[in-house]
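Contents: one structure, followed by commentary.
The values are calculated or read from the model by the stated rules, or taken from the named source; none is laboratory data. Remember, predicted model here, so these are calculated numbers, not experimental data. Glycine gets a Cβ as well: all are built from the backbone with ideal geometry, and neighbour counts include every protein chain shown. These area figures cover heavy atoms from the full protein model, side chains too; ligands, DNA and RNA do not enter into them. Shrake-Rupley method; radii C 1.70, N 1.55, O 1.52, S 1.80 Å.
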Amino acid sequence: MAIISGIQCIRTRHDGSWVIVKVLTDQDGLYGIGSASDIYQPGAIVSVIEELLKPLLIGRDASQIEDIWQTMYTSGYWRNGSTLHTAMGGIDMALWDIKGKEAGLPVYQLLGGAVRSAVPCYAHANGSTYEQLEEEVMAYQEQGYGVIRCQLGGYGGGGFVSSRLPSTIFPPANRFDEASYITAIPAMFEKLRVRFGMNLSFTHDVHEHLTPSGAVALSKELDPYRLFFLEDLLPAEHTDWYRSVRLNSTTPQAVGELFVHPQEWLPLVKERLIDFVRMRVSKAGGITPCRKIAVVCEAFGVRTAWQEGGENDPVNQAAAAHLDMAIMSFGVQESNHFRAEEQEAFPGHAVLEGGHLQLNDKPGLGIDIDEAKAAALLRDPKRLTSYHHPYKLDRKPDGTLLRP
């Protein structure tokens with residue numbers, strides 16, 4: 001029986017945005033790592049771990065993963081917030097890592113064993129012009145990807161316009177026009193289908209920029225192009241509108257990137273209003289809740305597409321891939337790319353090749369952290385105390401904020 005003897009938070013990447021949790025035990029050399037990264041508030045995550053969770057867990061039996069998760073969940077009284085759940089997710093992953101090492105098995109074996117040989121991923125193709133986008137789609141197709149996300153100049157691209165106002169009282173921001181976007185995106189997919197045919201699968205991320213009625217209209221317009229899924233069509237506060245989307249459109253829907261509540265997704269799944277759930281494993285609270293989500297999704301014919309994101313780290317990617325390997329409700333995995341020096345800091349990282357993630361067969365998550373190399377990634381460690389990286393917001397032409 002391994003007892004938790006300490007919990008460390010390691011901040012790394014060039015800007016210090018990655019938070020890696022290391023759970024130590026009283027067994028010589030036995031520890032686990034997890035991802036608690038949040039590019040917008042990494043310091044807050046560290047504070048939750050060090051002030052609330054670490055004192056609570058030292059001395060606990062590391063094998064009691066379910067009880068520890070439930071204990072962390074209610075430890076702050078108010079629950080279901082992204083900061084607490086990210087902190088919980090990092091510790092939860094680390095405990096599964098420890099359990100796998102104690103058993104001498106990869107985590108996916110503890111979850112029931114492999115049901116696929118590798119993890120199919122989707123790529124991110126982006127271009128400020130259609131010609132640039134087509135070049136990226138061709139490149140990813142040649143690399144072996146069967147599913148490719150297509151964006152015309154980032155989130156909201158195709159809908160950005162010049163401000164018609166002579167002056168503004170607000171900070172500078174891109175100006176997004178819904179009508180322009182609803183015209184541009186179907187036209188983009190019309191060109192892609194003419195060029196690549198109907199057998200290559202495409203996705204698109206709306207990033208919740210639309211009004212509910214505009215969302216219904218766009219989804220219906222995209223029906224002829226047979227998308228693999230349309231992502232985050234509606235803001236999290238307007239998910240009831242997926243009923244109208246389902247009644248009017250056959251385009252598959254993927255949602256959940258902003259979900260952190262363990263049951264936020266449940267009505268959408270039970271009523272079969274969506275086709276894919278999109279939570280990030282760390283944001284949902286780790287492997288423990290996500291395996292439960294996957295089981296419920298299987299019962300209702302909904303698939304997973306765990307969110308990764310370009311700012312995320314190799315440890316969360318590994319945790320997602322272990323889930324992907326063992327669940328029948330898997331749909332596709334969002335891919336992520338890391339610089340060579342970042343990969344060197346995480347020996348045993350998953351390997352992305354031919355549009356698929358491959359895990360090694362080492363016990364636990366199979367990934368470790370080289371703390372010296374992780375420290376060397378930081379450009380200026382002294383700036384961690386003044387870290388500031390808020391989410392970049394867009395506005396409507398009249399200046400009204402758009403919620404992501």
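Brief remarks on what is shown
- Test: residue in the range 328-343 that is open to solvent by 20 Å² or more (accessible area, probe 1.4 Å), touching a residue at least 40 places away in the same chain (Cβ under 8 Å), acidic (Asp, Glu) and closer than 21 Å to LEU111 by Cβ: no
- Odd one out for THR251 among (1) more than 16 Å from the chain's Cα centre (by Cα); (2) modelled with pLDDT of 95 or more; (3) of a type outside the set (Lys, Arg); (4) surrounded by fewer than 22 Cβ atoms within 10 Å (Cβ to Cβ): (4)
- Residue in the range 165-184 that is open to solvent by less than 40 Å² (accessible area, probe 1.4 Å), in a helix (DSSP H, G or I) and in contact with a Leu (Cβ under 6 Å, 6 or more places away or on another chain) present: yes
- Scanning the range 269-280 for residues that are open to solvent by less than 10 Å² (accessible area, probe 1.4 Å) and touching a strand residue (DSSP E or B) at 6+ places or on another chain (Cβ under 8 Å) gives VAL269, ILE274, PHE276, VAL277, ARG278.
- Residue check, GLY355 under 19 Å from the mean Cα position of the chain (by Cα), touching a residue at least 12 places away in the same chain (Cβ under 8 Å) and on the phi > 0 side of the Ramachandran plot: yes
- On inspection, MET198 passes the criterion of being over 23 Å from GLY159 (Cβ atoms) and not acidic (Asp, Glu).
- Some residue of the range 223-231 being open to solvent by 30 Å² or more (accessible area, probe 1.4 Å), under 24 Å from PHE330 (Cβ atoms) and either of a type in the set (A, V, I, L, M, F, W, C) or in contact with a Leu (Cβ under 6 Å, 6 or more places away or on another chain) (or both): yes
- Residue within the range 130-150 that is under 25 Å from the mean Cα position of the chain (by Cα), open to solvent by less than 30 Å² (accessible area, probe 1.4 Å) and small (Gly, Ala, Ser) present: no
This table checks each residue for (1) open to solvent by less than 50 Å² (accessible area, probe 1.4 Å); (2) of a type outside the set (Lys, Arg).
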{"position": "GLY364", "(1), (2)": "yes, yes"}
{"position": "ILE367", "(1), (2)": "yes, yes"}
{"position": "ALA376", "(1), (2)": "no, yes"}
{"position": "SER386", "(1), (2)": "no, yes"}
{"position": "LYS396", "(1), (2)": "no, no"}
{"position": "ARG403", "(1), (2)": "no, no"}
